[in-house]
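Report on the following structure.
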Amino acid sequence: MFNLSKRNSGMVFALVTACGLGAITTQAKIFYSDGGNALSLMLARFAVSTIVFGLLLLIRRDSFRVAANNRIALIALGIVWSGAMICYLMAVETISVSLAVLILYFYPLLVLAYAIFTRHLKPSAGLITLFCAAFIGLYMTLSGTEMTLNVNGILFASLASCGAAFTFICGARVAPSMSPLLMTFWINALGLLLILPMMIDKLTLPAASAGKLALSLATVFYLVAILSQFEALARLPAARAAFLLNLEPVVSILLAQLVLNETLSNVQLSGVILVISVVILSLRFKPVTA
């Protein structure tokens, strides 16, 4: 039997989250090419997650009740998490996906800045270098495509980044005091309530089997990723969990190369190597807490 420490198991969950979210991108591209749209994909995520996690709670005979001291934070998490994803989708309508992803993944730096500002972490050259190197690596990884600029798109992507940062900061506070399964259920249930009014005349499903399979796989990957994310936040500080999520775009790029036959330039490959290298280094790095 493996006896993983709380910290190590948290890092495993964070890496599973990165791989799960990264795998969604490739399936989403197949789903879109067969006639699906982003809102339909989000609806499937929220609806299936609410049903599956709700059934798991029933099977385990767990209560759906949330402690009074966690209710406001949980509602805020559900609204902000869903709003961040909606803002991200609105961003990619007007700017290139690569730019939207780059702006979104500024959130680990925001989480780090918050941890230092609130004195949860002491700033150090090694800590700041790791975070900055990961961001530079992502820039190199995403530099293979032309970046389309638009003020509204940049604004929506920035809001999505702030929302992601809030999710990690607030999630790391709430997750240790409640069941990650219960937490994930209510966050997705709130997301479902938010997106349903937006789905009027927007639901489109592909007729081809490849598109349907891609939708199913993307939903399964989301189920694994979202539960793993809050399992990670129950075990790790927000900054460490957010840093490990830098692997998500790298996983997306590598899977696109394998599944969609996309090619990587030398600069992109160097960026992939840089991100993976700093993530490996971070597994042994122990930041000083205040």
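The values are calculated or read from the model by the stated rules, or taken from the named source; none is laboratory data. For clarity, every value in this text was computed on a predicted model and none was experimentally measured. Methodologically, a virtual Cβ is constructed for each residue, glycine included, from the backbone with ideal geometry; neighbour enumeration extends over all protein chains shown.
Observations
- The listed residues are THR17, THR25, and the only one of them that is modelled with pLDDT under 90 and not charged (D, E, K, R) turns out to be THR25.
- For the criterion of being at negative phi and either free of Cβ contacts under 8 Å to residues at least 40 places away in the same chain or in contact with a Cys (Cβ under 7 Å, 6 or more places away or on another chain) (or both), PHE166 fails.
- Subset tally (residues that are part of a helix (DSSP H, G or I) and without any contact (Cβ under 8 Å) to a residue 60 or more places away in the chain) for region 33-68: 6
- Test: residue in region 157-169 that is more than 28 Å from ARG235 (Cβ to Cβ), in contact with a Leu (Cβ under 7 Å, 6 or more places away or on another chain) and surrounded by 14 or more Cβ atoms within 10 Å (Cβ to Cβ): yes
- Among the criteria (1) crowded, with 16+ Cβ neighbours inside 10 Å; (2) touching a residue at least 40 places away in the same chain (Cβ under 8 Å); (3) part of a helix (DSSP H, G or I), the one ILE116 does not fulfil is (2).
- Any hit, region 194-205, residues being out of contact with any Leu (no Cβ under 8 Å at 6 or more places or on another chain), at pLDDT 90 or above and crowded, with 17+ Cβ neighbours inside 10 Å: no
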